[in-house]
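One structure below.
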């Protein structure tokens with residue numbers, strides 16, 4: 001009878017909506033609490049030495065003010081970072097996060113189902129979904145757009161001409177240029193090509209190659225510039241070129257000592273992507289009066305700093321010291 005009487009009462013849409021919202025909120029809170037509830041031995045008391053060693057957001061994970069859903073999200077991201085750093089099994093994931101085995105298994109299983117992780121013999125690896133997202137991220141961040149703000153800052157700091165280039169076969173292709181502020185002009189331009197081995201920016205893209213490859217590219221450069229006259233003291237032979245490249249590779253920079261254009265010198269450094277491969281290079285160039293050897297030496301760290309900043313935006317991470325190994 002009560003149900004009949006309730007059905008005959010007028011319906012209040014606002015009241016029903018409020019009741020439904022309250023019920024949903026209560027259910028969600030109960031679910032989140034169940035998912036992240038501490039066990040009899042609180043997970044927060046477990047040591048998580050490995051988290052600091054691989055740069056995981058330990059402070060955020062330990063923050064008691066984080067909402068349950070946010071904490072779960074951060075844990076999932078921490079698992080992906082741990083997998084990228086070499087963690088492979090559930091026990092190690094749990095040690096990094098400070099979570100129980102059941103919680104760790106639930107998080108890892110969800111990431112596998114969503115294709116952010118993949119299970120293989122011996123543990124877990126990063127999954128294909130991350131490759132898809134990484135490809136999209138690269139497409140959304142073209143090199144010139146990422147680099148431009150850093151190149152502009154370098155131009156303001158040095159007052160010199162700034163170049164950005166990529167490798168195209170045996171040539172360097174200039175894809176961006178910021179003219180210097182000293183009233184000088186160079187023949188380089190966006191879309192211009194020059195042999196790799198004849199320019200500082202081109203040699204910077206050769207740093208990871210072997211001496212035989214250096215010789216081949218040097219010979220290709222000489223053939224391409226057969227009709228160009230060079231000052232005698234800058235008309236290098238192959239042995240001298242390889243010796244210089246060996247020193248450059250050890251230092252992570254290159255010089256152009258009028259090897260491309262008379263009276264023009266430059267300091268260059270490579271740009272790397274997430275895999276660590278050299279994908280571009282940048283240079284600071286000017287005439288000899290503004291580029292004595294002393295200043296070129298001073299510019300090495302400045303140019304490398306800018307190259308690293310661009311590389312980091314492309315996903316590159318500096319190699320970690322050996323002491324920061326993950327504890328197993």
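The values are calculated or read from the model by the stated rules, or taken from the named source; none is laboratory data. The structure presented is a predicted model; accordingly, all values stated were derived computationally and were not measured. Neighbour counts run over all protein chains shown; Cβ positions are idealised from the backbone, glycine included.
List of remarks:
- Per-region count, the range 99-122, residues surrounded by fewer than 16 Cβ atoms within 10 Å (Cβ to Cβ), in contact with a helix residue (DSSP H, G or I) (Cβ under 8 Å, 6 or more places away or on another chain) and not in a helix (DSSP H, G or I): 4
- Of all the listed residues (197, 155, 204, 145), the sole one being in the same structural domain as residue 286 (by TED's automatic domain parsing) and without any contact (Cβ under 8 Å) to a residue 12 or more places away in the chain is 145.
- Restricting the range 196-212 to residues that are touching a strand residue (DSSP E or B) at 6+ places or on another chain (Cβ under 7 Å) and in a loop (DSSP other than H, G, I, E, B), the residue that is surrounded by the most Cβ atoms within 10 Å (Cβ to Cβ): 199
- Residue ID - modelled with the highest pLDDT, chosen from residues in the range 216-241 that are surrounded by fewer than 17 Cβ atoms within 10 Å (Cβ to Cβ) and within 16 Å of residue 254 (Cβ to Cβ): 240
- Residue under evaluation residue 254, criteria (1) modelled with pLDDT under 95; (2) surrounded by 15 or more Cβ atoms within 10 Å (Cβ to Cβ), criterion not met: (1)
- Condition met for residue 221 (touching a helix residue (DSSP H, G or I) at 6+ places or on another chain (Cβ under 7 Å), over 20 Å from residue 180 (Cβ atoms) and either in contact (Cβ under 8 Å) with a residue 40 or more places away in the chain or not in a helix (DSSP H, G or I) (or both)): yes
- Filter result for residue 145 (surrounded by fewer than 19 Cβ atoms within 10 Å (Cβ to Cβ) and closer than 29 Å to residue 200 by Cβ): yes
Matching residues to (1) modelled with pLDDT of 90 or more; (2) under 26 Å from the mean Cα position of the chain (by Cα); (3) assigned by TED's automatic domain parsing to the domain that holds residue 122; (4) exposed (fewer than 13 other Cβ atoms within 10 Å of the Cβ):
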position: 54; (1), (2), (3), (4): no, yes, yes, no
position: 61; (1), (2), (3), (4): no, yes, yes, no
position: 64; (1), (2), (3), (4): no, no, yes, yes
position: 69; (1), (2), (3), (4): no, no, yes, no
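- Leading residue by the ranking (surrounded by the fewest Cβ atoms within 10 Å (Cβ to Cβ)) among those in the range 149-175 that are in contact with a strand residue (DSSP E or B) (Cβ under 7 Å, 6 or more places away or on another chain) and more than 26 Å from residue 213 (Cβ to Cβ): 152
- Subset of the range 68-93 [farther than 19 Å from residue 133 by Cβ and touching a residue at least 40 places away in the same chain (Cβ under 8 Å)]: 72, 86, 87, 92
- Hey, residue 130 in contact (Cβ under 8 Å) with a residue 60 or more places away in the chain, surrounded by 12 or more Cβ atoms within 10 Å (Cβ to Cβ) and either assigned to a helix (DSSP H, G or I) or not assigned by TED's automatic domain parsing to the domain that holds residue 104 (or both) or not: no
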